[in-house]
Structure formats: structure tokens, C-alpha cells
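The values are calculated or read from the model by the stated rules, or taken from the named source; none is laboratory data. Just so it is clear, the model here is predicted, and its values are computed rather than measured. Reconstructed Cβ throughout: ideal geometry from the backbone, glycine too, with neighbour counts over all protein chains shown.
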Amino acid sequence: MKKNQKFTEAELQHFYDLLDESLTPYDCGKLCAPKNGGEPLCCSVENAVPMLYREEFEYVSRRSELWHRWKPKTEVDKKQKREDETEVLIFCECKGIAHCERENRSICCRTFPLEPYLDKSGELVGLIFMREFRNKCPLMTRLPDIKQRVIDKHFEFWTLMLAKKGDELDLYKATSRGWRISATKRGVKLPILVPSHLKATKKSA
């Protein structure tokens with residue numbers, strides 16, 4: 001397994017720049033907000049508690065007071081924090097959508113609800129929905145609305161990130177394998193979002 005390497009401030013800023021553009025030409029939060037108490041699904045810790053890279057939390061904390069460490073209130077949440085936080089990632093919470101600072105959104109805010117998809121050989125070949133949100137996020141049924149240039153930038157980010165975080169690479173190999181198993185059982189095609197350069201390679205093959 002690859003070792004975990006820390007990101008530098010320059011790398012983190014580059015990631016923020018890569019992931020700055022919205023996924024769709026419209027505000028996708030308006031799709032799910034009406035069924036989520038007026039808030040987008042991804043902006044409520046009741047649905048998803050953001051996880052920040054430890055060095056990212058330090059970095060963004062020097063820029064803003066938007067983020068703080070998540071303080072679980074229930075025994076279930078406390079158990080989740082104990083089991084899921086790692087040497088790489090920690091649970092954090094922001095001040096809420098009413099106080100959002102777009103330039104200080106976390107990486108997980110910017111990439112949600114997409115994650116990397118790796119093929120059987122462990123090679124990154126595209127993006128895919130987070131399985132736990134495939135039936136919750138309306139974008140799952142609107143994949144063509146996701147901008148190609150955003151897919152390309154996210155693919156570049158994940159390429160850089162997975163090269164430095166061994167734990168994350170192993171995690172996404174496992175989640176990708178889970179997607180394949182699920183798709184096989186259901187007899188459906190994997191909804192993979194492919195970057196432009198790989199689309200071009202397939203066309204020329």
C-alpha cells in the first residue's frame with residue numbers, strides 16, 4: 001500500500017482552483033432543497049458530515065472561521081466519529097448554507113456527489129456517484145447535465161490526490177469494486193462519467 005503524503009498549501013489551493021466550478025449550468029441545490037427542509041442535501045450534516053483532509057482543515061482555518069471540528073451529539077454519531085476518522089481525514093462542520101463562503105468550501109463540498117471510479121486493474125478511468133447517495137441526489141437521473149469540463153477538472157484532481165493518499169486509493173478501489181458487484185447483480189451498466197481525453201482515446205481505438 002502506498003504511504004499517505006501530506007498536501008502542501010500550494011497543492012490545496014490548486015485543488016480548490018480545479019474544483020471551483022459548479023457541476024451543472026444551474027444551481028443543482030434547488031433540485032433537492034424542497035424535500036430537505038429548504039436546504040440542499042449536501043449542505044446538511046443530518047445527511048452527510050463533511051470530511052476534510054487534516055492539512056486542509058488547518059489550511060482553511062487560517063483563511064476563515066467557516067469550519068470547526070464536528071461535535072457528535074448522539075451515541076451513534078460518536079461511534080461513527082471513532083470508527084471513521086483516520087490519520088488522513090477528520091469530520092468537520094461549517095456554519096451552514098446561510099453563511100457559505102464559496103472560496104472556502106472544502107474539497108468534499110466541491111466534489112460531492114462524485115467520487116473516482118477505478119477499473120479492475122486499479123486504474124482511474126472516470127467518476128461515479130457516491131453509492132450511498134445514488135437514490136437521494138437528483139443529479140443521478142440528470143447525468144448529462146454535469147458539465148464535461150468539470151468532469152475533466154475533477155478527474156485531474158483525483159489523479160493528483162490518489163497519487164499521494166494511499167488510504168484513499170485503497171478505499172476507492174473497494175468502492176469501485178462494490179459498484180461493479182451491485183451493477184452485475186442488477187444487470188445494469190455502470191453510470192461512469194468519462195473525461196474528454198479518455199473519450200477521445202476510445203474513439204480513436
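Of the residues that make up segment 143-155, is at least one closer than 26 Å to Arg63 by Cβ, assigned to a strand (DSSP E or B), among the basic types (Lys, Arg) and modelled with pLDDT of 95 or more? No: segment 143-155 contains no residue that is closer than 26 Å to Arg63 by Cβ, assigned to a strand (DSSP E or B), among the basic types (Lys, Arg) and modelled with pLDDT of 95 or more. If Met161 satisfies all but one of (1) touching a helix residue (DSSP H, G or I) at 6+ places or on another chain (Cβ under 6 Å); (2) modelled with pLDDT of 95 or more, what's the number of the condition it fails? So Met161 meets the others, but not (1).
If you go through segment 1-33 and keep only what is under 14 Å from the mean Cα position of the chain (by Cα) and surrounded by 14 or more Cβ atoms within 10 Å (Cβ to Cβ), you end up with Phe15, Tyr16, Leu18, Leu19, Ser22, Leu23.
If you go through segment 117-137 and pick out every residue that is buried (at least 16 other Cβ atoms within 10 Å of the Cβ) and in contact (Cβ under 8 Å) with a residue 60 or more places away in the chain, you end up with 9.
Counting the residues of segment 161-205 that are in a helix (DSSP H, G or I) and not aromatic (Phe, Trp, Tyr) gives 30.
Residues being of a type in the set (Lys, Arg) and more than 28 Å from Asn4 (Cα to Cα) are represented in segment 66-74 by at least one member. Residue check: Asp145 meets all listed conditions (1) under 30 Å from Glu39 (Cβ atoms); (2) acidic (Asp, Glu); (3) surrounded by fewer than 14 Cβ atoms within 10 Å (Cβ to Cβ) but one, namely (3). In summary, Lys79 fulfils each of the numbered conditions (1) charged (D, E, K, R); (2) within 14 Å of the chain's Cα centre (by Cα); (3) surrounded by fewer than 19 Cβ atoms within 10 Å (Cβ to Cβ) with the single exception of condition (2).
Among residues of segment 75-88 that are within 23 Å of Glu58 (Cβ to Cβ), those with a beta-carbon under 9 Å from a residue that is of a type in the set (Ser, Thr, Tyr) at least six positions away or on a different chain give the pairs Val88/Tyr53. Screening Asp170 with (1) surrounded by 15 or more Cβ atoms within 10 Å (Cβ to Cβ); (2) within 21 Å of Ile107 (Cβ to Cβ) gives one miss only, at (1).
Here Tyr117 meets each of (1) assigned to a loop (DSSP other than H, G, I, E, B); (2) in contact with a Gly (Cβ under 7 Å, 6 or more places away or on another chain); (3) not polar (S, T, N, Q) with one exception, condition (1). Checking each residue in segment 2-60 for being of a type in the set (Val, Ile, Thr), at pLDDT 90 or above and within 22 Å of Lys81 (Cβ to Cβ) picks out Val49, Val60. One residue stands out among those in segment 34-65 that are within 27 Å of Gln5 (Cα to Cα) and β-branched (Val, Ile, Thr): the one that is surrounded by the most Cβ atoms within 10 Å (Cβ to Cβ), which is Val60. Within segment 181-198, can you find the residues that are modelled with pLDDT under 95, surrounded by 14 or more Cβ atoms within 10 Å (Cβ to Cβ) and not aliphatic (A, V, I, L, M)? Across segment 181-198, the qualifying residue is only Pro191.
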